[in-house]
Structures are given as structure tokens and as C-alpha cells.
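The values are calculated or read from the model by the stated rules, or taken from the named source; none is laboratory data. Because the structure is predicted, anything quoted here is derived from the model rather than measured. Neighbour counts are summed over all protein chains in view; Cβ atoms, including those assigned to glycine, are modelled from backbone coordinates with ideal geometry.
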Amino acid sequence: MRALVKPSPAPGLVLTEVPEPEVGPDEVLIRVQRMAICGTDLHIDDWNEWAAATVPTPLTIGHEYVGTVERVGDQVHDIEIGSRVTAEGHITCGTCRNCRAGRRHLCRNTVGIGVQRNGGFAEYVAVPAFNVYVVPDHIDDDTAAILDPLGNAVHTTLTFDLVGEDVLITGAGPIGLMATAIAQRAGARHVVVTDISAGRLRLAEQMGASRAVDTRATPLTVVMSDLGMTEGFDVGLEMSGAPTALREMIATMNHGGRVALLGILPDGAGIDWEKVIFHGLTLQGIYGRKLFETWYKAAALLEEGLDVSPVITDRYPITEHEAAFDALRHGDAAKILLTW
Ligand code: ZN
């Protein structure tokens, strides 16, 4: 079968022939139809420090996809052949303290599909049956392909109570954009989104942002006074991984404000700790999705009318993967879908 592979520990990816995956007794073989590129895939392509320390080679990448069940292992009895499925990308151990306590998203032995074992940018991918998510009929194929990042957005956005609160989202990438719509639906008062890409800021407005701003041109304090905010943001969702964005967030949070951190900040990113301490801020790191609570929430939000389709800005056949990855790196693209 064909697969998009990181062949060796160096930059670059190749579309090549690889053996079909073997299917363990408790695994499911998925025939992949639609895929989506994540920032993680760019890091693996670039072969940055994180990738070099994390990713074994050769490896088929990709963890955002939807397909149909082709075959199931002997011990799998509750998943039907032909079902439309995607999969939770984190394989958890089931035996550590957090797993046994029902907090699988905090498993210390997590293995990532498409990161530490062969992933879904392939004609077929084998995943543990436990990880399989049967996609409800009300979710279309495009959205089904991006349930993984939608889950990141749902998990981050719903970490803190935001009913009637003023929310700041830094970073209008796909997850920040989806978080914007979720925060609005969940009952936030104002949702202010910052980014430095004009295209992404336009999308943020489309997703329901009260204001979408490039703070190099318009400082947050101006936006806040414009919106009649006198004290500060109550909830912050950091989605950019940009130290300047986090510093702006810390500076504009109200006393007692709560900040969820999803963007991956570089080593040594400094913040004003005095504000964290004297303003009594809460900082919460977010990783992945709650298993499988987040999946249920995401499906229910979609069923009730949440529309994340505007974040899908481009489509490419996987044979043009280089152009697709470049578009994500350099353009105003948000989510890019790949097909066979
Ligand atoms: Zn565990």
C-alpha cells in the first residue's frame, strides 16, 4: 500500500510503498479516505528538536483521518466492518495510576499514532479497538477527518467555566478558530481573538469572534475599552505557542483569571511571574483530549449546530503533499485536507 513516510532521521517525507499493517487480535484495520495535516506533522517533516527526540524512523505519519473498518482482530466483537470511523490518537497504557483512575488523558506512558507508531497518512492504518471512534451519522466526512483537533479545542475551551465571561484566545490557527465558535456557543460574553495573519483573523470573525485583532496594530487595551471591559479577561486560551502572545495574555487577565495553555511554547519563554502570583492567576496545561468524554462533547456540540467547516481552507491529493505542507507553513491556510 502507499503511505506518507518519514524514512530516516532527517527533514522530508516520501510517498512510498510499504507493507500493509498487521492487525493484532485487539486491533482494527481502517481503510483511510480523508486526512488532515496537523502542526505536529509539519514538525515531523521539518525534523525539529522535538521530532528528533520523539519519532522513530521509518514511520508512517498522520493522526487526523477518517475511513471505514476493513477488518477486525479476533477479539474485537463490538465494531462492525464497514463502519465509518476515526481514532483517538493517544494509546494509553491502562495500568498507570491515572489510567486506572479514569484519567487516561494524563497517562504517563502514552504512545501517539503517527508519532511513535505508524499513522493514518496511508491507505490502511491499524489501531487498537479501544481507540476507535465510530463517527455518528450527523457528522460529515470533512468534519470527521478533523475530530482530533476539534477535540483539542473542545477540551481546552471547556476546561474553565466561561458562561458570561470575557475570553481571550491567542492564536487563530485551526484549534483557536474552533475554540472561538465553541466559546461563543458555550455562553461566553466577549470572545477576543489575536493573530498576526489577516486571513486567519477574517476566519476568526467568521467563527464568531467579538473582535479579531492583530495587536501589533491595535493593542488589546484599546479593544477591551471598545467592548466596555473595565477589568480584564476572565478566561484565556493560549493557542499560538508564541511567547509575546502569552505575555499579552498574562498582562490583560483580570485578577483571578484562568488560563489554559495548548500552544507549545519554546524553551525559555519568559512571562511576568509577578502578575501570575499577585493577580492570583491559574495556569492549566492542556494535552490531547479527555478519553472519551471530549469525543462525546464534540459530537453533541456538532449535533446542536456547531459548524467548524470554515476552518477547512484547502484540499490536496496526497500526491501533492509537498505543496500542501508548504501552503500550511507559509500561507493563510487553516486546515488542509488530503485525499487519496
Ligand atoms: Zn497510563
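Going by what's in this entry, would Asp41 be described as acidic (Asp, Glu), within 19 Å of Leu147 (Cα to Cα) and out of contact with any Ser or Thr (no Cβ under 8 Å at 6 or more places or on another chain)?
Criteria met by Asp41.
Applying a threshold of 9 Å to beta carbon distances and a minimum spacing of six or more residues, or different chains, the list of pairs starting in region 156-169 at a residue that is under 20 Å from Thr230 (Cα atoms) and touching a residue at least 40 places away in the same chain (Cβ under 8 Å) and ending at one that is surrounded by fewer than 20 Cβ atoms within 10 Å (Cβ to Cβ) and of a type in the set (Lys, Arg) reads Leu162/Arg189; Glu165/Arg189; Asp166/Arg189; Val167/Arg189.
Selection of first residues in region 312-340 that are touching a residue at least 60 places away in the same chain (Cβ under 8 Å) and surrounded by fewer than 18 Cβ atoms within 10 Å (Cβ to Cβ) and of second residues that are outside any strand (DSSP E or B) and hydroxyl-bearing (Ser, Thr, Tyr), restricted to Cβ pairs under 7 Å at least 6 apart or on distinct chains, gives the following pairs, ordered by first then second residue: Asp332/Ser197.
Taking the conditions (1) within 19 Å of the chain's Cα centre (by Cα); (2) closer than 19 Å to His279 by Cβ in turn, Met229 satisfies each one other than (1). One residue alone among Ile44, Ile30 is assigned to a strand (DSSP E or B) and surrounded by 16 or more Cβ atoms within 10 Å (Cβ to Cβ), and that residue is Ile30.
Out of Ala53, Ala3, report the one residue that is outside any loop (DSSP other than H, G, I, E, B), under 25 Å from Tyr287 (Cβ atoms) and either among the small types (Gly, Ala, Ser) or within 16 Å of the ligand (Cβ to nearest atom) (or both).
Working: Ala3 fails: under 25 Å from Tyr287 (Cβ atoms).
Unique residue meeting the criteria: Ala53.
In the set Pro25, Pro56, Pro21, only one residue is touching a residue at least 60 places away in the same chain (Cβ under 8 Å) and surrounded by fewer than 16 Cβ atoms within 10 Å (Cβ to Cβ); that residue is Pro56.
Residues in region 301-321 that are at positive phi and assigned to a helix (DSSP H, G or I): 0 in all. Look at region 89-102: where a residue is of a type in the set (Ser, Thr, Tyr) and a partner is near the ligand (Cβ under 6 Å from one of its atoms) and in a helix (DSSP H, G or I), sitting 6+ places away or on another chain with Cβ atoms under 8 Å, you get Thr92/Cys99. The lone criterion from (1) assigned to a loop (DSSP other than H, G, I, E, B); (2) more than 10 Å from the ligand (Cβ to nearest atom); (3) surrounded by fewer than 21 Cβ atoms within 10 Å (Cβ to Cβ) left unmet by His63 is number (3).
Rundown of residues vs (1) at pLDDT below 95; (2) of a type in the set (S, T, N, Q); (3) farther than 12 Å from Leu301 by Cβ; (4) in contact with a Gly (Cβ under 7 Å, 6 or more places away or on another chain), yes/no style:
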site	(1), (2), (3), (4)
Leu150	no, no, no, no
Thr156	no, yes, yes, no
Phe160	no, no, yes, no
Ile169	no, no, yes, yes
Ala172	no, no, yes, no
Ala181	no, no, no, yes
Arg189	no, no, yes, yes
